[in-house]
Amino acid sequence: MKLQVAMDVLTTEAALTLAAQVAPHVDIIELGTPLIKAEGLRAVTAIKNAHPDKIVFADLKTMDAGELEADIAFAAGADLVTVLGTAGDSTIIGAVAAATKHGKGIVVDLIGVADKVTRAREVTALGAQFVEMHAGLDEQAEPGFSLATLLNQGETAKVPFSLAGGVNLSTISSVQRAGATVAVAGGAIYGAEDPAAAAAALRAAII
Ligand SMILES: O=C(CO)[C@H](O)[C@H](O)COP(=O)(O)O
């Protein structure tokens, strides 16, 4: 299982600092949606230039104009770009076309999708490299939130998936047991006093 750091910071400078701290321990470096909204795709280029050996993930969460948005993110240096599972099939097909043109990949983020298992299978058939079983920051803050439902949906879908929803040291083993291809950790790394140590501990927990 790969480890992905989600950098939900707001400046390119902060992202470059964080990426330099955690890069030795992660496989995928994600530029979070707020970072890309604040800084634009220049931030993607800066991270790819600093870490050419890492998979750079641009969390665009595209909802329309799939081919155009994915194309500009790949041209900026992204290796993986997200499209929302709630988007129409034509948006996902367009984004996959851009990925094929660049030799890169589309990840379909299932945040907000009610039937994640069915949609995961549909978008995989449309050419997504993998899906993201995702509970966003707002959903995580709702009373009674637990990762268990997402883990179960990932296990049931039987397609390649990443899992994001406040993954931390006490849950990463369950993410691996559920069969995830990638575990995504944001707050557990960037919110830690020592992000490098936090990333190293998550990496060490992956067998
Ligand atoms: O995409 C996101 C929010 O929409 C986050 O980057 C993702 O949820 C991972 O962060 P965390 O581990 O803090 O949940």
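Which residues, counting only those in segment 160-203, are more than 10 Å from the ligand (Cβ to nearest atom), assigned to a loop (DSSP other than H, G, I, E, B) and buried (at least 23 other Cβ atoms within 10 Å of the Cβ)?
Residue satisfying the conditions is Ala180 alone.
Out of segment 1-55, which residues are more than 23 Å from Met133 (Cα to Cα) and small (Gly, Ala, Ser)?
Those that are more than 23 Å from Met133 (Cα to Cα) and small (Gly, Ala, Ser): Ala14, Ala15, Ala19, Ala20, Ala23, Ala38, Gly40, Ala43, Ala46, Ala50.
Inspect segment 55-68 for any residue being assigned to a loop (DSSP other than H, G, I, E, B), buried (at least 16 other Cβ atoms within 10 Å of the Cβ) and within 16 Å of the ligand (Cβ to nearest atom) and give the result as yes or no.
For segment 55-68, residues assigned to a loop (DSSP other than H, G, I, E, B), buried (at least 16 other Cβ atoms within 10 Å of the Cβ) and within 16 Å of the ligand (Cβ to nearest atom): absent.
Among the listed residues Asp8, Asp79, which satisfies the condition of being in contact with a Phe, Trp or Tyr (Cβ under 8 Å, 6 or more places away or on another chain), in contact (Cβ under 8 Å) with a residue 60 or more places away in the chain and not hydroxyl-bearing (Ser, Thr, Tyr)?
Being in contact with a Phe, Trp or Tyr (Cβ under 8 Å, 6 or more places away or on another chain), in contact (Cβ under 8 Å) with a residue 60 or more places away in the chain and not hydroxyl-bearing (Ser, Thr, Tyr) holds for just one of Asp8, Asp79, which is Asp8.
Here's the yes/no breakdown for (1) of a type outside the set (D, E, K, R); (2) touching a strand residue (DSSP E or B) at 6+ places or on another chain (Cβ under 7 Å):
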{"residue": "Leu110", "(1), (2)": "yes, yes"}
{"residue": "Val113", "(1), (2)": "yes, no"}
{"residue": "Ala120", "(1), (2)": "yes, yes"}
{"residue": "Ala125", "(1), (2)": "yes, no"}
{"residue": "Gln129", "(1), (2)": "yes, yes"}
{"residue": "Glu132", "(1), (2)": "no, yes"}
{"residue": "Gln140", "(1), (2)": "yes, no"}
{"residue": "Asn152", "(1), (2)": "yes, no"}
{"residue": "Val159", "(1), (2)": "yes, yes"}
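Is one or more of the residues making up segment 101-112 part of a helix (DSSP H, G or I), within 16 Å of the ligand (Cβ to nearest atom), at pLDDT 95 or above and surrounded by fewer than 18 Cβ atoms within 10 Å (Cβ to Cβ)?
no
Results for (1) assigned to a loop (DSSP other than H, G, I, E, B); (2) under 14 Å from the mean Cα position of the chain (by Cα); (3) buried (at least 17 other Cβ atoms within 10 Å of the Cβ), shown as yes or no for each residue.
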| residue | (1), (2), (3) |
| --- | --- |
| Glu30 | no, yes, yes |
| Ile36 | no, yes, yes |
| Ile92 | no, no, yes |
| Ala99 | no, no, yes |
| Ala114 | yes, no, no |
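Taking the condition within 13 Å of the ligand (Cβ to nearest atom), small (Gly, Ala, Ser) and over 18 Å from Ala199 (Cα atoms), does Ala50 pass?
no
Please count how many residues of segment 46-62 are touching a residue at least 24 places away in the same chain (Cβ under 8 Å) and out of contact with any helix residue (DSSP H, G or I) (no Cβ under 7 Å at 6 or more places or on another chain).
Residues in segment 46-62 being touching a residue at least 24 places away in the same chain (Cβ under 8 Å) and out of contact with any helix residue (DSSP H, G or I) (no Cβ under 7 Å at 6 or more places or on another chain): 4 in total.
For the subset of segment 116-131 comprising residues that are surrounded by fewer than 21 Cβ atoms within 10 Å (Cβ to Cβ) and small (Gly, Ala, Ser), which member is farthest from Glu67 (Cα to Cα)?
Only one residue fits best here, namely Ala125.
Select, from Ile72, Ile28, Ile111, Ile92, the only residue that is within 19 Å of Ala196 (Cα to Cα) and in contact (Cβ under 8 Å) with a residue 12 or more places away in the chain.
Ile28
Please name all residue pairs, on different chains or six or more residues apart, with Cβ atoms under 6 Å, provided the first residue is in segment 155-170 and is under 22 Å from Ala200 (Cβ atoms) and the second residue is more than 16 Å from the ligand (Cβ to nearest atom).
none
I'm trying to understand the selection: among the residues of segment 19-28, which are buried (at least 21 other Cβ atoms within 10 Å of the Cβ) and either within 10 Å of the ligand (Cβ to nearest atom) or not in a loop (DSSP other than H, G, I, E, B) (or both)?
Selection gives Ala19, Val22.
The values are calculated or read from the model by the stated rules, or taken from the named source; none is laboratory data. Predicted model, so just to flag it, every value in this text is computed and none were measured. Using ideal geometry, Cβ is built from the backbone for each residue, glycine included, and neighbour counts are taken over all protein chains shown.
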